[in-house]
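Working notes, beginning with the structure itself.
Bear in mind these aren't lab numbers, they're just calculated from the coordinates by the rules spelled out. For clarity, every value in this text was computed on a predicted model and none was experimentally measured. Here the Cβ positions follow ideal geometry from the backbone for every residue, glycine too, while neighbour counts run over all protein chains shown.
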Amino acid sequence: MTGWDILDKFTSSLPPIVTALILLAVLAAVVILIVGFSKHGLSFLKYGFKQMVLDNSLEKRFDDLGARIDGVHTELDAIKVNHFGHLKDFLTELTGILLDKGIINNTDKARLDNQLRGM
């Protein structure tokens, strides 16, 4: 008597629904084994899916992301300083032109210059 004979005798004594459920469970186990073996190799048989391969890569990704965000903040600060520096120069020049044209007086120009200096 072979193993197939024992399996045939066992399955013929069960109702068809139970046999179908056992077959689905075995099929699911085979799929899990194939996926795990293809992803982790032989160490899957020893450790299963509990291998923490992704944690290190995720940690590195978050560190890289943090470094990129810090770099972006630094660049934004540099752009702000540069942009507002040009804007202050432009507004100072504009107040001088308005004073030369007689649109504003010295008091107004001094007040505008003080506001620009405070920025």
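Above 18 Å, the calculated P(r) of segment 68-119 contains 45 percent of its Cα-Cα pairs.
What you get for the chain, charging only the Cβ of Lys and Arg (+1) and of Asp and Glu (-1), is a dipole of about 200 debye around the Cα centre. For segment 1-41, the Stokes-Einstein estimate of translational diffusion at 10 °C and a viscosity of 1.306 mPa s comes to 135 µm²/s, using the Kirkwood hydrodynamic radius over alpha-carbon pairs. Normalised by residue number, the volume inside the convex hull of the Cα atoms of the chain is 214 Å³ per residue.
Placing unit charges on the Cβ atoms of the charged side chains and taking the dipole of the chain about its Cα centre, the candidate lying farthest along the positive direction among THR74, GLN115, LEU27 is LEU27. How far apart, in nm, are two points set 7 Å out from the Cα along the Cα-to-Cβ line at LEU65 and at ALA20? Between LEU65 and ALA20, the simple spin-label model gives 4.5 nm.
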